[in-house]
Amino acid sequence: MVTSVNPNTELSCCFASSLRPSYSKPNSSQTQLCRLSSGSLSNTFSGLSMAPSTEISRSRPIFSLSKNESGESASGNGGLTYKDAGVDIDAGSELVRRIAKMAPGIGGFGGLYPLGDSYLVAGTDGVGTKLKLAFDTGIHETIGIDLVAMSVNDIVTSGAKPLFFLDYFATSRLDVDLAEKVVKGIVDGCQQSDCTLLGGETAEMPDFYADGEYDLSGFAVGIVKKDSVIDGKNIVAGDVLIGLPSSGVHSNGFSLVRRVLAHSGLSLKDQLPGEAITLGEALMAPTVIYVKQVLDIISKGGVKGVAHITGGGFTDNIPRVFPKGLGAVISNGSWEILPVFKWIQEAGRIEDAEMMRTFNMGIGMVLVVSKEASHRILEDGNGAYKAYRIGEVVRGEGVSYS
């Protein structure tokens, strides 16, 4: 879509001639193959080891549910689920298992390819049915930030610095003014992640999309020294989980969000209950790009693993960075649950376990660090950025809450 600047010829040729096919689970609104990033359902493939399957503990709620008018808990029978909204996480997991038989030895947030003393780290993703809300609200200037974020946030989990980004914009009839707004967001996202918008593809496909609608995909490539890869292999019981706050729903779970919105009887122009912004504004808040913050924290030492909390939530994403035999205990009330998530749960009467397996719940990135490093990170978090101690690593697999 956008012309490139001067690329690194050696990197470009190596990447183009050697990229391996990769697959992941379906997105929140569409089934896609050839995905490196975690999308909305996690368990993607790469050169890192496959994380064990996990199961959320239902013994303790992550936060207190409000009551409806009849006094029934929002997690009672009849609550909406991701599967109700058309996304079957278990079916995606089964596809992942089958693909793993054909392409063994892969399984992280980004795909790693050796290049001298470094690895190229690649990721690709879209923004799912958040696009539907962009069409409904007319907010197109920030959807490009979401597109960049979903890929660069994945590859930074390996400690990789993003090098370049490419986009794919498809529509039935090209609206130049609208496309320019989308690209402006992509450029903004690349600036936030300190990478180059190297190029892209604009596909005009008559009769394929509804008038005024479009689809997006993005592709990011970064680099990390082989001796600096963050791979989770050194994680041990007692290590600390540090959470970095999200801006909201980010770019996952919107099939369920849209179902909740329809069920609630509210419109995107209505106020988010108890807040001074509309539902449309809250839901369209652009995804946080964590690249600079995470690379800065990594540079100071003590970071052993990084998990991008996309679809699959805490339940599926945090254990992906653990060695076999380790799990996590999350501390209830240790971070701020954003109002938009409280509204989604109450309006949809969604169970805690479903929320924790679908949304980021206010934490968009989780770092697994040593106890010593946790003190420094939390102290720094009182100044330039927010950070929360949300739990710790324990023996045994899965995610539980206390």
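Could you work out the relative contact order of the stretch 230-401, using alpha carbon pairs under 8 angstrom and six or more residues apart, expressed as a whole percent? Write down the numbers at each step before the final one.
Details: 325 pairs, mean separation 73.5, N = 172.
43 percent.
Given axes a ≥ b ≥ c from the Cα gyration tensor, I'd like to know whether the stretch 337-402 is rounded (a/c under 1.5), prolate (a/b larger than b/c) or oblate.
oblate
For the stretch 104-229, the relative contact order is 38 percent, taking Cα pairs closer than 8 Å that sit 6 or more residues apart in sequence and dividing their mean separation by the residue count. Overall size of the stretch 87-129 from C-alpha positions, given as principal axis extents largest first: 40, 28, 11 Å. When each of the peptides 177-183, 189-195, 239-245 is scored by how many other beta carbons lie within 10 Å of its residues on average, the order from highest to lowest is 239-245, 189-195, 177-183. Principal axis analysis of the Cα atoms in the stretch 230-401 yields extents of 49, 34, 23 Å, listed in decreasing size.
Summary of packing: across the peptides 284-292, 216-224, the per-residue average of other C-beta atoms within 10 Å ranks them, highest first, as 216-224, 284-292.
Based on Cβ point charges of +1 for Lys and Arg and -1 for Asp and Glu, what charge dipole magnitude is obtained for the stretch 242-355 about its Cα centre, in debye rounded to the nearest 20? Intermediate values should be presented prior to the final figure.
On the way: 10 positive and 10 negative charges, 84 e Å.
The calculated dipole for the stretch 242-355 is roughly 400 debye.
Roughly how many whole Å is it from the C-alpha centroid of the stretch 233-270 to that of the stretch 134-192? Cα centres, the stretch 233-270 to the stretch 134-192: 19 Å.
Here's how it looks for VAL394: its modeled amide H is under 5 Å from those of GLY238, GLY327, ALA328, VAL329, which are all 5 or more places away or on a different chain. What shape does the stretch 228-282 have by the C-alpha gyration tensor, where a ≥ b ≥ c are the square roots of the eigenvalues, rounded means a/c under 1.5, and otherwise prolate means a/b greater than b/c and oblate the rest? Prolate shape, in that a/c is at least 1.5 and a/b is the bigger ratio. Amide hydrogen proximity for LEU163: with H placed 1.01 Å from N in the peptide plane, the residues at 5 or more positions away or on another chain lying under 5 Å are VAL221, GLY222, ILE223. As an exercise, use a Förster radius of 30 Å and the Cβ-Cβ distance of ASP296 and SER331 to find the FRET efficiency, rounded to the nearest 0.05. So the FRET efficiency works out to roughly 0.75. Normalising the average separation of contacting C-alpha pairs (under 8 angstrom, six or more residues apart) by the number of residues puts the relative contact order of the stretch 188-324 at 32 percent.
The ratio of the alpha-carbon radius of gyration of the stretch 104-229 to the globular-protein estimate 2.2 N^0.38 Å is 1.13. Here the stretch 104-229 is treated with +1 on each Lys and Arg Cβ and -1 on each Asp and Glu Cβ, and its dipole about the Cα centre works out to around 540 debye. Projecting the Cα atoms of GLY128, VAL224, ALA203 onto the charge dipole of the stretch 104-229 (Cβ charges, centred on the Cα centre) puts VAL224 farthest toward the positive pole. Dipole orientation for the stretch 75-203: of the candidates MET150, GLY108, LEU178, GLY108 has the Cα lying most toward the positive pole (charges on Cβ; Lys, Arg +1; Asp, Glu -1).
Laboratory data are not the source of any read-out in this text; all were calculated from the coordinates shown. If you're wondering where the values come from, they're calculated on a predicted model, not measured in any experiment. Don't worry about glycine lacking a Cβ; one is built from the backbone with ideal geometry, like all the others, and counts go over all protein chains shown.
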